[in-house]
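Quick note: the coordinates plus some simple rules give every number you see, no bench work behind them. Please read all numbers here as calculations on a predicted model, not as lab measurements. With ideal geometry, Cβ positions are generated from the backbone for all residues, glycine too; neighbour counts draw on all protein chains shown.
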Amino acid sequence: MSYEDAIAALADPSRRAIVESLRTGARPVGEIADGLPISRPAVSQHLRVLTDAGLLTCASSGTKRLYAISPEGVDALRRYLDSLWGDALACFSEAAQSKKEQL
């Protein structure tokens, strides 16, 4: 999946809340839903979007499906954001150099 998919998936506040709830480790749908003000079916739909975007993994454990943050999916998003930060620093450096030359 691409960073564009990840950004689109995280645009929804409920999905960001789901990802936040998984920061401490894998959890089943019921536990995730218990902490949110939306229905369990809505949580399941959001989990599917996040999984399709590559941000979550889903593994079966007995009769439960455990969702967890996908390091690979988050890494793709991090690399994109790092590139933006690198661009911003380069622009800042260029502006500082230009200012220095004006003095």
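A few remarks follow.
- Projecting the Cα atoms of ALA53, THR24, TYR3 onto the charge dipole of the stretch 3-102 (Cβ charges, centred on the Cα centre) puts THR24 farthest toward the positive pole.
- Point-to-point label distance, SER44-SER2, nm (Cα→Cβ direction, 7 Å offset): 3.1
- Taking only the Cα atoms of the chain, the ratio Rg/Rh comes out at 1.22, with Rh defined as the Kirkwood radius.
- Taking 0.36 nm per residue of separation and subtracting the Cα-Cα distance, full extension of the segment from ALA96 to GLU20 would add 23.6 nm.
- Pairwise centroid distance, computed over Cα atoms, of the stretch 1-30 with the stretch 68-103, Å: 24
- Ascending count of other beta-carbon atoms within 10 Å, so fewest first, for LYS100, LYS64: LYS100, LYS64
- Helix axis angle, 40-52 relative to the chain longest principal axis, alpha carbon, degrees: 50
- Whole-number percent relative contact order across the chain, with pairs defined as alpha carbons under 8 Å at least 6 apart: 30
- Residue exposure sequence - CYS58, CYS91 - by fewest surrounding Cβ within 10 Å: CYS91, CYS58
- If only the Cβ of Lys and Arg carry +1 and only the Cβ of Asp and Glu carry -1, the dipole of the stretch 3-102 around its Cα centre is close to 380 debye.
- Taking the chain as a Gaussian network of alpha-carbon nodes connected by springs under 10 Å, the highest mean-square fluctuation of the residues LEU55, LEU47, LEU84 belongs to LEU84.
- By other beta-carbon atoms within 10 Å, ranking ILE32, ILE18 with the fewest at the front produces ILE32, ILE18.
- A Förster distance of 25 Å, applied to the separation of the beta-carbon atoms of GLU31 and ARG79, puts the FRET efficiency at 0.25.
- Formal net charge of residues neighbouring ARG27 (Cβ-Cβ distance under 11 Å; K, R +1; D, E -1): +1
- Between helix 71-102 and the chain: long-axis angle, C-alpha atoms, 0 to 90°, nearest 10: 20
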